[in-house]
């Protein structure tokens with residue numbers, strides 16, 4: 001889904017906006033979730049912490065295996081990982 005205000009956020013700041021600028025300068029595709037994190041960092045900080053806990057926190061599955069599951073799911077959904 002294209003959200004013009006999110007995609008063209010001139011007020012973005014912080015780590016995510018730096019990552020986005022770097023990716024754009026290299027010609028890389030910027031995942032929409034990064035743009036959302038840069039657009040509303042105060043609203044997405046909970047999602048960021050949740051994602052990190054799920055992907056990197058204690059688990060019977062290795063972090064690498066969890067990344068593989070996420071990549072496979074992204075492939076099934078036709079979206080870049």
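Rundown of residues vs (1) surrounded by 11 or more Cβ atoms within 10 Å (Cβ to Cβ); (2) at pLDDT 90 or above, yes/no style:
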site: 37; (1), (2): yes, no
site: 42; (1), (2): no, no
site: 47; (1), (2): yes, no
site: 55; (1), (2): yes, yes
site: 59; (1), (2): yes, yes
site: 64; (1), (2): no, yes
site: 71; (1), (2): yes, yes
site: 76; (1), (2): no, yes
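Evaluation of residue 19 against the conditions (1) within 21 Å of residue 77 (Cα to Cα); (2) surrounded by 14 or more Cβ atoms within 10 Å (Cβ to Cβ); (3) at pLDDT 85 or above shows that the sole unmet condition is (1). Within the range 14-49, the residues that satisfy the criterion of being outside any helix (DSSP H, G or I), touching a helix residue (DSSP H, G or I) at 6+ places or on another chain (Cβ under 9 Å) and without any contact (Cβ under 8 Å) to a residue 24 or more places away in the chain are 28, 30, 40.
Mind telling me which of the residues 47, 34, 76 ends up being more than 21 Å from residue 20 (Cα to Cα) and out of contact with any strand residue (DSSP E or B) (no Cβ under 8 Å at 6 or more places or on another chain)? Walk me through how you get there before you give the answer.
Details: 47 fails: more than 21 Å from residue 20 (Cα to Cα); 34 fails: more than 21 Å from residue 20 (Cα to Cα).
When all the criteria are applied, what remains is 76.
The values are calculated or read from the model by the stated rules, or taken from the named source; none is laboratory data. Worth saying up front: this structure is predicted, and the values here are computed from it rather than measured. Every residue, glycine among them, receives a Cβ derived from its backbone with ideal geometry; neighbour counts consider all protein chains shown.
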